[in-house]
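Everything on this sheet refers to the single structure shown next.
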Amino acid sequence: WDAATGACLTTLEGFTSTLSFDEIGSCLQTDFGTKLLHKQSAAGTAAVQAHSQHQDFEGIGISVDRAWITWKGKHFLWLPTEYRGQCTAIAGLTIALGCSSGRVLFFQWSGAS
């Protein structure tokens, strides 16, 4: 939302249980990944750039259907049904998936390729 006008700037697909800004307010962190926020120099306020839903995600994430680990909003690693998380936590290049079986899976990437 634009605080000055009340206009909706963007929406997030699916249900997210985690939503926070990073330390400097340049990213919106969700359990699906990190969405970049861009500054509008003319208005002087922060706004989400209106591209497709997936173009402005950065780093590691999870698809809305929880079937894929994503990289920059694109499908990267398919997860068989028994390995799909019921809950997700992301920190940097690490993603943790809590499965309905009680298992917790950790995936960690070492680089940004």
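Under 9 Å between Cβ atoms, at least 6 apart or on separate chains: pull out the pairs that start in segment 76-94 with a residue that is more than 18 Å from K35 (Cβ to Cβ) and end on any residue that is charged (D, E, K, R).
Pairs found: L79/R66; E82/R103; Y83/R103; R84/D65; R84/R66; G85/R66; Q86/R66; C87/D31.
Within segment 8-24, is even one residue part of a loop (DSSP other than H, G, I, E, B), touching a Leu at 6+ places or on another chain (Cβ under 8 Å) and at pLDDT below 65?
no
With the requirement that a residue be at pLDDT 85 or above and surrounded by fewer than 13 Cβ atoms within 10 Å (Cβ to Cβ), what does segment 92-113 give you?
Answer for segment 92-113, where residues must be at pLDDT 85 or above and surrounded by fewer than 13 Cβ atoms within 10 Å (Cβ to Cβ): T94, S100, S101, G102, R103, V104, F106, Q108.
Which one is modelled with the lowest pLDDT, of the residues in segment 47-82 that are within 30 Å of A3 (Cβ to Cβ) and not in a loop (DSSP other than H, G, I, E, B)? Let's see the steps before the verdict.
Kept after step one, since they are within 30 Å of A3 (Cβ to Cβ), are these residues of segment 47-82: 47-62, 64, 70, 72-73.
Subset that is not in a loop (DSSP other than H, G, I, E, B): 47, 57-58, 60-62, 70.
Values: A47: 43, F57: 73, E58: 78, I60: 86, G61: 85, I62: 86, T70: 88.
The selected residue is A47.
The values are calculated or read from the model by the stated rules, or taken from the named source; none is laboratory data. What you see is a predicted model, and the numbers here were worked out from it, not measured in a lab. Cβ coordinates were reconstructed from backbone atoms using ideal geometry, including for glycine residues, and neighbour counts include every protein chain displayed.
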